[in-house]
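Q: Got a structure for you, written out below as structure tokens; questions coming shortly.
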Amino acid sequence: MKYNFIETIMGAIVLIVAVSFVVFGINTAKINTKDEIIIDALFENVAGLNIGDNVKVSGINVGKIIDLKLVRETNEAQVLMSLEKNINLPEDTSARITSSNLLGGSYVEIIPGVSEKILKDNETIYDTTSSVSFTDLLGKMIFSNNN
């Protein structure tokens, strides 16, 4: 009988911890998108970028990448980003893909412009800089020194 009581207590603790993780996950993911806008950007190359990666302005997280698509007509990569609604980005804003560490993590860095017009929901950033592959740079450096 003693084992059944201990197993019941341990099961209850496991359930409480599981429910805590679910609540934490829902709060972290910001499932309600009422306070967010969707902006997209067109890049030549999005190597290393994944859905769920951060979007930053001045080093501060302001959103997440929610989708990556190929635009078939231009062969460009379209990055859909969910941003906080209170972020006012000028129309001439630029975006670039930046490495967050040497192990390959990437994020989109937004560089606000100076225009008076503000980007609205579902508008596009055209001034973009694609990611630079560390292995490509290393290869260029190695082969350029052998001349």
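Q: Checking the conditions here, which among GLU73, GLU109 is charged (D, E, K, R) and either touching a Gly at 6+ places or on another chain (Cβ under 8 Å) or part of a loop (DSSP other than H, G, I, E, B) (or both)?
A: Going through GLU73, GLU109 in turn, just one is charged (D, E, K, R) and either touching a Gly at 6+ places or on another chain (Cβ under 8 Å) or part of a loop (DSSP other than H, G, I, E, B) (or both): GLU73.
Q: Within segment 59-99, count every residue that is buried (at least 16 other Cβ atoms within 10 Å of the Cβ), more than 13 Å from LEU119 (Cβ to Cβ) and of a type in the set (Gly, Ala, Ser).
A: Counting residues in segment 59-99 that are buried (at least 16 other Cβ atoms within 10 Å of the Cβ), more than 13 Å from LEU119 (Cβ to Cβ) and of a type in the set (Gly, Ala, Ser) gives 2.
Q: If you don't mind, there's one more thing I want to ask. Looking for something β-branched (Val, Ile, Thr) and over 23 Å from GLU36 (Cβ atoms) - is there at least one such residue anywhere in segment 114-125?
A: yes
None of the figures in this text is laboratory data; all of them are computed from the coordinates on show. Quick caveat, the model's predicted, so the values are computed rather than measured. Neighbour counts run over all protein chains shown; Cβ positions are idealised from the backbone, glycine included.
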